[in-house]
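A quick write-up on the structure given underneath.
What follows is calculated from the coordinates using simple rules that are stated; it is not laboratory data. Because the structure is predicted, anything quoted here is derived from the model rather than measured. With ideal geometry, Cβ positions are generated from the backbone for all residues, glycine too; neighbour counts draw on all protein chains shown.
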Amino acid sequence: MFKYNPSTRFCKKSNKVFFITPSNSLLKLFLFCILFFASRSYSQTFPFGNIPQITFPSQGQRPINSTTSTPSNNPRRLVESSKEKAMTDSIKIVRRSEDIVSYPDSAVLALRKKIYGFNIFNNSNISFETSLKIPTPKNYILGADDELLIDINGFSEEHYNLNVTPEGYIKVPKVGNIFVSGITIEEAKKRVIDRLSKIYVGLKSYNGSAPNTTATVSLGNIKSIRVTVLGEVVAPGTYSMSSLSRVLNALYFSGGPNENGTFREIKVIRDRKLIAQVDLYDLLTTGNLRQNVSLQDQDIIQVGGYKSRIEISGQIKKPAIFENLPNENLERIINEYGNGFLPDAYRQLLKVQRFTDKELKLIDLNSEILSSFYPKAGDIITVERVLVNRTENAILLNGAVYRPGRYSVNDNPTLTKLIKRAEGFREDAFLGRISIVRLKEDLTKENVSINYNDIISGKINDISLQREDIVTVYSGIELMETYTVRIQGEINLKFYTALTSARSNGSTGVSDTPNSETIAPTIGTFPYIKNMTVEDLIQKAGGLKESAAIGRIEVVRRKKNIGKDDPNQITSTIGEKYNFSINSDLSLNTSASKFILEPFDEVFVRSSPNYEKQQFISVEGQIVFPGVYALERKDERLSDIMKRVGGVNAQAYMEGATLVRKFKISKQEADRKRSQFNDLSDNSAESTVKIKEIKEETEESIGIQLRKAIENPGSSADMYLQDGDIIKIPKEPQTVRMQGEVLYPTSTRFISGLPFKHYISESGGFTELSAKKRAYIIYANGSVDRTRKLLGLFNVYPKVEPGSEIVVPRMNVKEALSQRTLASIQMITGIVSSLSLMLVTIRQFK
């Protein structure tokens, strides 16, 4: 049967060394080992036959007892194995990360945050880790791995560091083993000292003499214990901790009760017996730790499910979900656990929502019966807020009083007492009509108007006030229209004047002259003051300008017609005008105007007709004395200024002289022109309109006939000059420039007497798209001359002068198409004519 069995062959080979004889028992044992290792490798996802190396636990190295003559000062530490230390360190890391376990979902997380006491075990600022620096409790139970420190002092000096063995003994040199496991530290002290006294006789008195030797026994390094936390906790399991640990330490490691766990009945079980029942609410409310018992090895902490919970929301200091006991009333829960009501809580009505067997039930409570109301599981209690937008005895005072605001109607029952409490009226108060807005019983409002002067004089009785009254005292100034006066013209409104930055125009920089400043409109509006004169207003406006015409001050006054409401008295007069003179120094003397202004008067200070600021022009180029010149007269001409500059020099080309003039338009006019050009572009669908950018200030070059102006002063060529004009006189140019639709745009030497087409030939001639009939010339002085038609058939080109610029435009699409069509027709006509001539000639020869 076992002939070919592997175990039989194995035993036969092994029998030579181990003398093993195969048997049924040995076969069963062999098969069992194979199946055992196969199942282990499969369960651990190892390939069959590739069993990992297995390390069996061995007895760890025990601490070595030591004997010295000097006591050790090392701090107390926890004695634990490497596995226990790794587990403790991992718990601390998890604690620091505040992630004991991942929350299932946001709803559970929100519920946990509402549970009273849950955050005490999940708060990074609170730690229940055991401190090893506390004094040893007198009821501390010794066990294996605890260390006892024995110090003998006096006639004999000795120090022992002794560890409790797993069997519960400490081995004292010269004394032997002493059993200390399972007894308190106090009992161990007595037992050890009693045994030591047999060796160290000085520990006891002898023949009435006092002991000359003392012995102390204390706890050194402490053991670790393993405690199991079960039930409704965040992270149930077995935890390794210090033997000084208590219930709260173990609950802290496990994360505390979860959303279904109880805080009121936490059981501590030791050796299958209930030794303590912890109510965490005592710790949360009073800080009492009497139920926080010490733990021992193999203790079990069981956290069951809660039995009854209620939720209190609203105006209490700590709204939460509370776990209530059957004998706890609502008053105790609110005052002790919820820390009481908030000041704005409405205590006359607490709303309770209760679950019955079929549906919801509502209960209204008064704070006076809370001590006799015992809530049930699932109750939702809401504490509402008092009406903050309604005051039972408030009145409101607004307007022209020194202390407006809300007042008590009980302390200020009448209008006069209220005004006195507000420290009286302001100087601008209008006492002829004080308004009181009163709330009637049907919640509609009514207005009550009071003449306070009548109350003062005794004509009417003082007015009694009611709750929610709104008393308004109007200001006499606020009831008046805002009166102003306005002045404009030649006045020094400093805050309206603005000089623009100088901009250089040309080589002479005419824009740098004082005349080029830009001044904003000098119009000032000022508050009206009674008995204000024109001189007073001018003084407020900054005084007069140098250009002011003091002999012609004009005031325009509104036509008021107060009290004249008869339509028959309506006239066409709009305002009344007054003209008078004032002193230039605005002094108050007998010659002052003494004209009293009225509200909304308009004052105009005109400019003197004989006042003019200096005006400047610039003359540049080929003259004897170039530079900037001031105009002497308003009618000064080109010929006059040329005399002042000393005339032109020998290199001057007077036919090329130009006049650069500035043109200014207002912003409104510029906007109007842009709008007109835009409309023109939109309406011109079949043609192209080129629009130059419209600016408020532009410079344009004007072609002038300087030679004619000098030779014939006062003629049409002798133009009047304006401020800012620039006269440019160039040297005589020697070239002519061709551009546009020519084959080779270029410049060529000017030859007197040669026609227009000569210069076109110099540039290679016209292109196919040249608009010959629209060719024009720009002369050196900026003037332009165009091509004309003779009898509608022949082009008459303008005369070419030195410095001219010939421009040949490009034909548009329709014109080019017409030109090509005409050329085709002419070609076809020429071909037909030639064929006809040939046919006629052939017939004649026949």
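Could you sort out which of LYS613/LYS673; LYS708/LYS789; LYS613/LYS634; LYS662/LYS695 sit more than 20 Å apart by Cα distance in this structure?
The answer is LYS613/LYS673; LYS708/LYS789.
Order 163-169, 390-396 from most to least packed using the mean count of other Cβ atoms within 10 Å.
Most protected by this proxy first, the peptides run 163-169, 390-396.
If you count, for each residue, the other Cβ atoms within 10 Å and average over each peptide, how do 726-737, 342-353, 474-485 line up from highest to lowest?
Per-residue Cβ counts within 10 Å, averaged per peptide and sorted highest first, yield 726-737, 342-353, 474-485.
Could you tell me which residue out of GLN668, LEU638, GLN622 lies farthest along the dipole of the stretch 610-756 toward its positive end? Charges go on the beta carbon: Lys and Arg +1, Asp and Glu -1, centred on the Cα centre.
Working it through, the farthest residue towards the positive pole turns out to be GLN622.
What is the extension gain from ASN678 to TYR744, computed as 0.36 nm multiplied by their sequence separation minus the C-alpha to C-alpha distance, in nm to one decimal?
20.1 nm
Within the stretch 297-340, list the trypsin sites (Lys or Arg not before Pro) lying in a DSSP loop whose Cβ has at most 13 other Cβ atoms in a 10 Å radius.
LYS307, LYS317
Project the alpha carbons of the stretch 538-686 onto their principal axes and report the range along each, largest first, in whole Å.
Over the stretch 538-686, Cα extents along the principal axes are 81, 63, 27 Å.
Using modelled amide H (1.01 Å from N, peptide plane; none on Pro or chain starts), what sits under 5 Å from the amide H of ILE199, excluding residues fewer than 5 places away?
Under 5 Å from the amide H of ILE199 lies no amide H from a residue far enough along the sequence or on another chain.
When you count, for each residue, the other Cβ atoms within 10 Å and take the mean per peptide, how do 402-412, 215-225 rank with the highest first?
The most tightly packed comes first, giving 215-225, 402-412.
If you add up the charges near LEU586, with Lys and Arg at +1 and Asp and Glu at -1, over every other residue whose beta carbon is less than 10 angstrom from its beta carbon, what do you get?
Net charge in that neighbourhood comes out at -3.
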